[in-house]
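Q: Can you read through this structure? Questions will come right after.
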Amino acid sequence: MQGSISDKTQINIESDTHGSHHEAHPDHRIFGLIVFLVAEGMIFLGLFIAYLAFRSMAPEWPPAGTPKLELMLPGINTVILLASSLVIHQADTAIKKNDVKGLQLWFGLTALMGIIFLGGQLYEYSHLEFGLRTNLFASTFYVLTGFHGLHVTVGVLLILSVLWRSRSVSEGESMKSEHYGTNNRFGVEAAEIYWHFVDVIWVILFILLYLL
Amino acid sequence: MTAELTIPNQTAPEDDVVIHHRTWKDYFTFSTDHKVIGIQYFVTGFIFYIIGGLLAEGIRTELATPDADLVDPSTYNSMFTMHGTIMIFLWIVPAGTGAFANYLLPLMLGARDMAFPKLNAVAFWIIPPTGLLLILSFFLGPAQAGWTSYPPLSLLTGKVGEGIWIMTLLLLGTSSILGGINFFTTILKMRIPSMSMMQMPLFCWAMLATSLLMLIATPVLAGALILLSFDLIAGTAFFNPVGGGEPVVYQHMFWFYSHPAVYIMVLPFFGVISEVIPVHCRKPIFGYGAIAYSSMVISFLGLIVWAHHMFTSGTPPWLRMFFMITTMVIAVPTGIKIFGWLATMWGGKINLNTPMLFAMGFISTFVIGGITGVMLAAVPFDIHVHDTYFVVAHLHYVLFGGSVFGIYTGIYHWFPKVTGRHIDETWGKIHFALTYVGFNVTFLPMHVLGLQGMPRRIAMYAPEFQGLNQVCTYGSYVLAISTVPFLINAIYCAYKGKPAGSNPWNALTLDWQTTSPPEIENFEVLPVLTTGPYDYGDTEEEEKELTAV
């Protein structure tokens, strides 16, 4: 959510820069995004450590009577999400060569993989034998995966908004220009970095919740 | 927004007066000018300061007598909860980071604005509606569990108020993180090319350390509040022992933010003091590098001391030792700063004007707060006075004697810069005297009350404490009255004060090398560094030259 705000914000600012400032300053948006993701990562780190603390304080973990987690579906989901990180990188490679069609193809594919992941997550939720309030393990399971799922959703929305913008062709004074190109790919890179972030968080989550 | 940033047509050459003045209407817009945003932060913060202050006066009036006769005890609980929350999250954090850093950083670094101006405006505009939401909760049964909101107590005292409290903090935390991104990026990336890190004014170093804490610590509080809101609304039991949860985990997460929050609230003012003292003593700052690096060390150590708030929470002894040692160690970089300031004053031509008086007031009260902090770091002593008025005295010496004195120091120092006019010195000194006396009369006796065992956060107390409590209450009235001369003086002088010129203090940092008030994009031509930020009077001639300008 916040990522999308700053995305739009900074693009507008850049255009303002050309309009009225004396001189443009270098583009710091990627730096700002990474700083933001460090902060976002700290929320997850806090939640992970809380999870480990609950786990270490409990006499038995998961508490007695918790049904065992199925590994098959989340395993496939993990593979899909990890693969999507490679897919989205292809988009970055494409746009560096000014290939908007390639960008659209790879971003479309990434969004699809993200949606499949979310679908798999919902399917898993609906087939689990414990609910949010069953016990401490169940509560942490749902909140952690849910909070991550929220980030995946935001990531998918970011990717879709880049796709939406990539089709718009701004007809300037003299010539037509694409929204994204070799020299204007902040939106693409930002979405990609965010997506990698979501991916890394999932790997840690998967290890914590399913494997440990 | 384009319209605001556009500079009105080139001014005619004969026009010496700055004509790019803001009108009052600009301050009610989604402006992206860092100077407008800085003032928006300050004025908003000050309004909440008055609200929080009135709550404090209510608390003190209630405590003038041992019985709960002014308000009933649960209203009292809400009053101190709201007082703490408003003062921390809606006054000191926005005023310190939001107001001072936004106004000063680009000016000091020679930039035309912050790195992300619109994000900056978003960060500010989160605050007023959120503050109103918190005030609104007064009428819906406000939170009663203190600003720490420990479960399970916070889960038992009314869902609506507590829910609003959690939402308020999440929103203000978001604002704070967005601000932190901006400060961090601006300091690292927006300096004029001729300025290296070691040539930055010390306020920028202080804000670098502060922004790191905002970015690293604030999100963890968000994590704790998310879990707490699930406990409150969805009926989970993360922190509720009844369902197998662990309240202590909340305490760890809460203090992982809320101890660094103390440094978020005071580090910017360490920066302010480092700016003010060399200017008004006409001497180079003593130990630039030591003061700069000690900010970073405080920032790091500030992240590993949090459990000293939890010595009575069943924390294992070895862990208590660790946190006791780190807490005591953090007094070292703080002491380095204090000695740096004192050594700067030593042998300087001290001009005892209002900013300097407040700066000296800051040092004297903050040292007391710092020393009681070291006392509280000692486990055996802390266990004795935990949750007594000794802690209340300590934290007010740090947050009022430190932060609020720092805010006033900064206001009096930069008033000519912001308004282009001098603030009246006589009334400034009256304000200082009333504040200093009122503050000490209010909070000094609380040390004694705490040592005698008077518990905090309770509307009633044993009759033998009444004498000192009445002293505190009278002091608090003086403190309340002290705000009146300041407000009248500041508002009057902003419009009718003596014109100050662009650099009335003959200061060397870049913020003083432009017009007062600074024009819309700060500098007509981007400045080039010719001196260090504090090269005052190294030789007699140099100083004569400087003051002759």
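Q: Say R0 is 56 Å: what FRET efficiency, to the nearest 0.05, do B:Val437 and A:Phe31 get from their beta-carbon distance? Walk me through the intermediate numbers first.
A: On the way: r = 48 Å, r/R0 = 0.85.
It comes to 0.70.
Q: How long are the semi-axes of the equivalent ellipsoid of the stretch B:420-476, taking √(5λ) for every eigenvalue λ of the Cα gyration tensor, in whole Å from largest down? Kindly include the intermediate steps, with their values, before the conclusion.
A: On the way: eigenvalues 221, 19, 16 Å².
Value: 33, 10, 9 Å, ordered largest first.
Q: Gap in Å between the Cα centre of the stretch B:348-362 and the Cα centre of the stretch B:200-251?
A: Cα centres, the stretch B:200-251 to the stretch B:348-362: 38 Å.
Q: Using a 1.4 angstrom probe on heavy atoms only, work out the carbon and sulfur share of the accessible area of chain B in %. It would help to have the intermediate numbers written out before the result.
A: Details: 14010 of 19830 Å².
Here it works out to 71 percent.
Q: Normalised by the number of residues in the stretch B:28-174, what is the relative contact order in percent for Cα pairs under 8 Å and 6+ residues apart?
A: Values: 166 pairs, mean separation 45.1, N = 147.
Relative contact order of the stretch B:28-174: 31 percent.
Q: May I pose another question? Just how much of B:Ile336 is accessible, in Å², when a 1.4 Å probe is used and the result is rounded to the nearest 10?
A: For B:Ile336, the solvent-accessible surface is approximately 70 Å².
Q: Straight-line reach from A:Lys97: which lysines have a Cα under 29 Å away, not including same-chain ones fewer than 8 places off?
A: A:Lys8, A:Lys176, B:Lys189
Q: Distance from the Cα centre of the stretch B:287-308 to that of the stretch B:27-65, in angstrom?
A: 28
Q: Another question, then. Quick one: which residues, 5 or more positions from B:Gly235 or on another chain, have an amide H under 5 Å from its amide H? H modelled 1.01 Å from N in the peptide plane, none for Pro or chain starts.
A: Correct list: empty.
Q: Same structure, new question: Spelling out what I want: for every residue of the stretch A:41-57, take phi, set θ = phi - 60°, compute 6.51 cos²θ - 1.76 cosθ + 1.60 (Karplus), and round to whole Hz; glycine and proline get x.
A: Karplus-based 3J(HN,Hα) across the stretch A:41-57 equals x, 5, 4, 5, 4, x, 5, 4, 5, 4, 4, 5, 5, 4, 5, 6, 8 Hz.
Q: Going by amide H atoms built from the backbone, whose H comes under 5 Å of the H on B:Thr388, apart from near neighbours?
A: B:Arg456
Q: Quote the convex hull volume per residue of the protein assembly as shown, based on C-alpha atoms, as a whole number of Å³. List each step's numbers first, then the result.
A: Working: hull volume 124.3 nm³, N = 761.
Taking the convex hull of the Cα positions in the protein assembly as shown, it is 163 Å³ per residue.
Q: Tilt of helix B:331-345 relative to the longest C-alpha principal axis of chain B, in degrees (0 to 90, nearest 10)?
A: Around 40 degrees separate the two axes.
Q: Let me ask another. For the pairs B:Lys429/B:Lys498; B:Lys25/B:Lys417; B:Lys118/B:Lys496; A:Lys101/B:Lys118; B:Lys349/B:Lys417, note any where the Cα-Cα span goes beyond 26 Å. Don't skip to the end; give the middle numbers.
A: Numbers: B:Lys429/B:Lys498 17 Å; B:Lys25/B:Lys417 20 Å; B:Lys118/B:Lys496 33 Å; A:Lys101/B:Lys118 31 Å; B:Lys349/B:Lys417 22 Å.
Correct reply: B:Lys118/B:Lys496; A:Lys101/B:Lys118.
Q: List, in order, the whole-Hz ³J(HN,Hα) value for each residue of the stretch B:276-291 obtained from phi through the Karplus relation with A = 6.51, B = -1.76, C = 1.60 and θ = phi - 60°; use x for Gly and Pro.
A: 6, 5, x, 5, 8, 10, 6, 9, x, 4, 7, x, 3, x, 5, 5
Q: In the stretch A:37-211, what is the volume of the convex hull around the alpha carbon atoms, normalised per residue and reported in Å³?
A: On the way: hull volume 19.2 nm³, N = 175.
Once divided by residue count, the hull of the stretch A:37-211 is 110 Å³.
Q: When all protein chains stay in place, what accessible area (Å², nearest 10, 1.4 Å probe) is found for B:Phe256?
A: My reading of the accessible area for B:Phe256 is about 40 Å².
Q: Next question, about the same structure. Can you tell me the convex hull volume per residue for chain B, based on C-alpha atoms, in Å³ to the nearest whole number? Mind showing how you got there, number by number?
A: Details: hull volume 79.0 nm³, N = 549.
It comes to 144 Å³ per residue, whole-number rounded.
Q: Before rounding to the nearest 500, sum -39500 (n - 2.57) across all DSSP H runs of length at least 4 in the protein assembly as shown and divide by the residue total; then give [θ] at 222 nm in deg cm²/dmol.
A: Values: 25 runs with 492 residues, N = 761.
One gets -22000 deg cm²/dmol as the mean residue ellipticity at 222 nm.
Q: To continue, here is another question. Could you give each residue of the stretch A:134-146 its phi-based ³J(HN,Hα) in whole Hz, using Karplus coefficients 6.51, -1.76, 1.60 with θ = phi - 60°, and x for Gly or Pro?
A: So the J values, rounded to whole Hz, are 4, 7, 4, 4, 4, 4, 5, 4, 5, 5, 5, 5, x.
Q: Here is a follow-up. Hey, can you find the accessible area per residue of the stretch A:37-211 for me, probe 1.4 Å, expressed in square angstrom?
A: Numbers: 8410 Å² over 175 residues.
Spelled out: the 1.4 Å probe surface of the stretch A:37-211, per residue, equals 48 Å².
Q: To the nearest 10 Å², what's A:Glu70's accessible area with a 1.4 Å probe?
A: Counting only protein heavy atoms, A:Glu70 exposes about 110 Å² to solvent.
Q: Interface A/B, total buried accessible area with a 1.4 Å probe, nearest 100 Å²? Show your work: numbers first, answer last.
A: Details: alone 12100 and 21470 Å², together 30190 Å².
The contact between B and A buries close to 3400 Å².
Q: Which percent, to the nearest 5, of DSSP beta bridges fully inside the protein assembly as shown are antiparallel? Before the final figure, lay out the partial values.
A: On the way: 7 of 8 bridges.
Taking every DSSP beta bridge within the protein assembly as shown, about 90 percent pair in antiparallel fashion.
Q: Which order do A:Asp92, A:Asp27 take when ranked by solvent-accessible area (1.4 Å probe, heavy atoms of all protein chains), largest first? Walk me through the numbers on the way to the answer.
A: Numbers: A:Asp92 10, A:Asp27 80 Å².
The ordering from most to least exposed comes out as A:Asp27, A:Asp92.
Q: Hey, if we sort A:Leu150, B:Leu301 by accessible area with the 1.4 Å probe, largest down, what's the order?
A: Ranking A:Leu150, B:Leu301 by accessible area, largest first, yields A:Leu150, B:Leu301.
Q: Still on this model: Taking H placed 1.01 Å from N in the peptide plane, check which residues at least 5 places from B:Arg421 or on another chain put their amide H under 5 Å from its amide H.
A: Amide H neighbours of B:Arg421: B:Ala500.
The values are calculated or read from the model by the stated rules, or taken from the named source; none is laboratory data. No experiment lies behind these values; they were computed from the predicted model shown. Because the Cβ atoms are built from the backbone with ideal geometry, glycine has one as well, and the counts that use them run over all protein chains shown. Note: accessible area is taken over every heavy atom of the protein model, side chains too, but ligands, DNA and RNA are not part of it. Shrake-Rupley method; radii C 1.70, N 1.55, O 1.52, S 1.80 Å.
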